[in-house]
Each structure stands twice: as structure tokens, then as C-alpha cells.
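K.L.:
Shown below is the structure under consideration.
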Amino acid sequence: SDVWWSTDGVQWTQVVDPAEWPARAEHETVVYDERMWVFAGASGSALSDVWYSDNGADWTSATLTATWDARCSTASCVWHNSLWVLGGTTGTRKNDVWFTTALGSKWQKEVEVGPWGKRCGHTMIALNNRLWLLGGYDYDSGSGGTREVWSSADGVSWSLVTNSAP
């Protein structure tokens, strides 16, 4: 649970060790509402906590138990002034979509079961006024790693852009 910063990616300075949140792996970090956010991940088991900081040294819990199931290897991004979480694994892979406009404390399920396979290790970005889901591991379909790209203009309706990105 250490935090580091750099202005050039070469020289790094440690800000805090340990931070208030438990040490973790396979977690998410984003910048949202002019704050740094750390959430989900695994620390012996999957987590559903959400933490934020204005300076990287002092951390506040937005919630210790988000509405979504505890998970790791999820994907997240900031889009339309909301923080989004998609899929991941709780021990069982997920293909749900969640978002919050309440600074991480209250989450709304946008999609229960997405049209893509349940997956973890994927990426989600916001670009050109759309959400994009990229790759990951879709073990439920038997395909293992996937090169799929999905897109959504509203977070609810998703379209397959390609199933074989290079």
C-alpha cells in the first residue's frame, strides 16, 4: 500500500508507506473529480473498498463495501463525470457494468450481464464520447485470451467492433 510519484517517469519519490488502505494486487487506480482513487483488487481475497486522496499521502474511504461484488482484475475508467467499473473476477468472472456519480460511495448497476463473455484482465477506456472494452481473458467461452473490442455510447447497449484486434 505504498504510493510513489514522478514528474518524468525516471526519478520517483515515495509519498507514503503504508497508505490507509490495505495492500493489494490486481486493483484499479484512476483520477476522478480531481482526486486519486484506488479500489477493488485482492489482498488474500477480493476487495470491494473504494479510497481517494487529494495528495497521495492522506487517504479517505469512500466506502469499505461498494455495491458491486468484491473483485479483482476488473476494468475502470472515468466517463461523463462518472467512475465506471466493468467485469473482473470474484472467484467467478463477471460481465456486469457499474458506475457512480456519488464520489465512490453509491454505485448503480447499469448492466447485469453484458453481451461479451465474462472476463478479467481487460481494459476499459473512454474515447470519442464512447466507452471501449478491450481484450482480457474470457475463460467461460473457452477462448482464453480474447482480442475483442466492444463499444458503447451509453454504457448500456454494447456493440462488437471486432473480435480480432491486432
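K.L.:
Just checking, which of Val3, Val113, Val15 is touching a strand residue (DSSP E or B) at 6+ places or on another chain (Cβ under 7 Å), within 25 Å of Ser152 (Cβ to Cβ) and β-branched (Val, Ile, Thr)? Working first, answer last.
P.N.:
Details: Val3 fails: within 25 Å of Ser152 (Cβ to Cβ); Val15 fails: within 25 Å of Ser152 (Cβ to Cβ).
When all the criteria are applied, what remains is Val113.
K.L.:
Now a separate question. Would you tally the residues in region 49-87 being in contact with a Cys (Cβ under 6 Å, 6 or more places away or on another chain) and more than 20 Å from Ser1 (Cβ to Cβ)?
P.N.:
1
K.L.:
Of the conditions (1) part of a strand (DSSP E or B); (2) surrounded by fewer than 14 Cβ atoms within 10 Å (Cβ to Cβ); (3) not aromatic (Phe, Trp, Tyr), Gly87 satisfies every one except a single condition; which number is it?
P.N.:
(2)
K.L.:
Among the candidates Asp33, Asp8, which residue alone is open to solvent by 70 Å² or more (accessible area, probe 1.4 Å) and on the phi > 0 side of the Ramachandran plot?
P.N.:
Only one candidate qualifies: Asp33.
K.L.:
Under 26 Å from Ala25 (Cβ atoms), out of contact with any Leu (no Cβ under 9 Å at 6 or more places or on another chain) and open to solvent by less than 70 Å² (accessible area, probe 1.4 Å) - does that describe any residue in region 104-115?
P.N.:
There is at least one residue in region 104-115 that is under 26 Å from Ala25 (Cβ atoms), out of contact with any Leu (no Cβ under 9 Å at 6 or more places or on another chain) and open to solvent by less than 70 Å² (accessible area, probe 1.4 Å).
K.L.:
Is there a residue being among the basic types (Lys, Arg) and without any contact (Cβ under 8 Å) to a residue 24 or more places away in the chain anywhere in region 91-98?
P.N.:
no
K.L.:
With the requirement that a residue be closer than 14 Å to Phe39 by Cβ and among the hydrophobic types (A, V, I, L, M, F, W, C), what does region 64-91 give you?
P.N.:
If the condition is that a residue be closer than 14 Å to Phe39 by Cβ and among the hydrophobic types (A, V, I, L, M, F, W, C), then Leu64, Ala66, Trp68, Ala70, Cys72, Ala75, Cys77, Val78, Leu83, Trp84, Val85, Leu86 are the ones that fit.
K.L.:
Looking at (1) within 22 Å of Leu47 (Cβ to Cβ); (2) touching a residue at least 12 places away in the same chain (Cβ under 8 Å), which is the only condition Trp158 fails?
P.N.:
Of (1) within 22 Å of Leu47 (Cβ to Cβ); (2) touching a residue at least 12 places away in the same chain (Cβ under 8 Å), only one is false for Trp158: (1).
K.L.:
Then there's this: Restricting to region 53-81, count the residues that are surrounded by fewer than 18 Cβ atoms within 10 Å (Cβ to Cβ) and outside any loop (DSSP other than H, G, I, E, B).
P.N.:
Number satisfying all stated conditions: 3.
The values are calculated or read from the model by the stated rules, or taken from the named source; none is laboratory data. None of these values were measured; they are calculated from a predicted model. Virtual Cβ from ideal backbone geometry, glycine too; neighbours counted across all protein chains shown. Calculation scope for accessible area: heavy atoms of the full protein, side chains included, ligands and nucleic acids excluded. Shrake-Rupley method; radii C 1.70, N 1.55, O 1.52, S 1.80 Å.
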